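Report on the structure given below.
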Amino acid sequence: MLSFLKALNKGRMPSATDPRHPLSQDLRLDLRRRLHKLQQVFALQRLRSEPLAATEVVEYYENCHDAYRKYHSAAGAVHMALNDGDRFDADGFFGQLRRFESSWPRPPAAVLELAFGQGFNLEYLARRHPRCHFEGIDLTPAHLTIARRRLDAAGLQSVPLLLGDFHRLPHADASFDEVFCIEAFCYATDLRLALAEVARVLRPGGCFTLFDAYLPRPPSALDGDAALAVELVAKGMAIEGFQVLDPLLAIAAQLGLLPVNNQALDLQVMPSLLRLERITGAVIRWPWLGRRALARRNRMRGRNVLAGYLMRNTLAQGLITYRHLVLRKSH
């Protein structure tokens, strides 16, 4: 699979959604089998009809932080690892942060993280850059408690953490040289407002760095199984729907946030996705047992099985893409 994706990334093969693609039919049949399996475990129609608001996002993370530690990252990362090659390596959880650092022409004076999670990113950066002022904001009360405890234990009491919504940042205009968000800006319910807030708090010439999954095409351009799978992956992470890449970039440009980097990292997240697929696949291998296991879980926590079981296939087909974006505020 990875060798095939490397060839695709270099432009030597047609898109995975192209019928000429040598694995297209296999991937589509595999996706259909996976959707059928999930239908035996989840009440998919009911789940699809349930709206997702900020309260559900908080509930999801309040009930999943221990699962992230147990199954995803014992160190408390809540994002995908970036690995070169076919093997998963937990060192890849620092991949986004290393890319973020490498983009700085010089160390910034002030950095804001949107949705700091369990504090993994802020601890790493604040340890390495003691002269830089770091802050974080997150919507989930449990994250505030976990991250505060983590930073205090690391001797980083000077890093302020705020409980709040990145649609309404409680910071003054032009407060930060850098703003970043790893796999959480997808929760923006009003994309223009959220981007406008980032533009407001950035200093001229400052950058907004994003690592996240996006749709290369709108859901209306996808066929039935593909559209359903993309929707279920989003619902599995308590997202109403993935952002479509080009409209996001267009709105950002209108607000003075111009792209200086737009890099696909699909290959680098594939080992993480294969690992998660194996873990979630064990839950639904026998549907009756999967239903029983999920019945004992919080309803929001059980959703992540959907994302873990489908995301590798949807990424391989090119239905979803994982990107590193850097948007610079114009002067």
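Okay, here's what the table says:
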{"item": "Flag if Ala238 is over 20 Å from His324 (Cα atoms), touching an Asp or Glu at 6+ places or on another chain (Cβ under 7 Å) and among the aliphatic types (A, V, I, L, M)", "result": "yes"}
{"item": "Number of positions in segment 319-331 that are over 23 Å from Arg99 (Cα atoms) and surrounded by fewer than 23 Cβ atoms within 10 Å (Cβ to Cβ)", "result": "1"}
{"item": "Selection within segment 218-242 - in contact (Cβ under 8 Å) with a residue 60 or more places away in the chain and in a loop (DSSP other than H, G, I, E, B)", "result": "Leu222, Met237, Ala238, Ile239, Glu240, Phe242"}
{"item": "Options Gln254, Gln243; residue that is at pLDDT 95 or above and either under 22 Å from Ala316 (Cα atoms) or of a type in the set (Gly, Ala, Ser) (or both)", "result": "Gln243"}
{"item": "Subset of segment 53-75 that is of a type in the set (A, V, I, L, M, F, W, C) and buried (at least 20 other Cβ atoms within 10 Å of the Cβ) - its residue that is nearest to Ala115 (Cα to Cα)", "result": "Val57"}
{"item": "Evaluation of Pro259 against (1) part of a helix (DSSP H, G or I); (2) surrounded by fewer than 19 Cβ atoms within 10 Å (Cβ to Cβ); (3) in contact with a helix residue (DSSP H, G or I) (Cβ under 8 Å, 6 or more places away or on another chain) (one fails), failing number", "result": "(1)"}
{"item": "Test set (1) touching a residue at least 60 places away in the same chain (Cβ under 8 Å); (2) of a type outside the set (A, V, I, L, M, F, W, C); (3) under 18 Å from Tyr60 (Cα atoms); (4) in contact with a Phe, Trp or Tyr (Cβ under 7 Å, 6 or more places away or on another chain) - Pro271 fails condition number", "result": "(3)"}
{"item": "Qualifying residue in segment 72-87 (condition: within 19 Å of the chain's Cα centre (by Cα) and of a type in the set (D, E, K, R))", "result": "yes"}
{"item": "Enumeration of residues in segment 289-331 that are farther than 30 Å from Leu257 by Cβ and of a type in the set (D, E, K, R)", "result": "Arg291, Arg292, Arg296, Arg297, Arg299, Arg301, Arg303, Arg312"}
{"item": "Elements of type strands (runs of 3 or more DSSP E) in segment 76-169, at least 2 residues being without any contact (Cβ under 8 Å) to a residue 60 or more places away in the chain and surrounded by 17 or more Cβ atoms within 10 Å (Cβ to Cβ)", "result": "133-138"}
{"item": "Qualifying residue in segment 270-277 (condition: aliphatic (A, V, I, L, M), modelled with pLDDT under 95 and either within 26 Å of Arg192 (Cβ to Cβ) or in contact with an Asp or Glu (Cβ under 6 Å, 6 or more places away or on another chain) (or both))", "result": "no"}
{"item": "Matching residues in segment 184-203 - criterion: being in contact (Cβ under 8 Å) with a residue 60 or more places away in the chain, surrounded by 20 or more Cβ atoms within 10 Å (Cβ to Cβ) and of a type in the set (D, E, K, R)", "result": "none"}
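The rows are residues; the columns are (1) out of contact with any strand residue (DSSP E or B) (no Cβ under 6 Å at 6 or more places or on another chain); (2) farther than 30 Å from Pro218 by Cβ; (3) aliphatic (A, V, I, L, M).
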| site | (1), (2), (3) |
| --- | --- |
| Met270 | yes, no, yes |
| Arg275 | yes, no, no |
| Arg285 | yes, yes, no |
| Leu294 | yes, yes, yes |
| Gly302 | yes, no, no |
| Val305 | yes, no, yes |
| Gly308 | yes, no, no |
| Tyr322 | no, no, no |
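Yes/no matrix, rows are residues, columns are (1) exposed (fewer than 13 other Cβ atoms within 10 Å of the Cβ); (2) at pLDDT 85 or above; (3) among the hydrophobic types (A, V, I, L, M, F, W, C):
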site	(1), (2), (3)
Ala7	yes, no, yes
Arg20	yes, no, no
Gln25	yes, yes, no
Arg34	no, yes, no
Gln45	yes, yes, no
Pro51	yes, no, no
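The values are calculated or read from the model by the stated rules, or taken from the named source; none is laboratory data. Remember, predicted model here, so these are calculated numbers, not experimental data. FYI the Cβ positions are ideal-geometry reconstructions off the backbone, even for glycines, and counts take in every protein chain you see.
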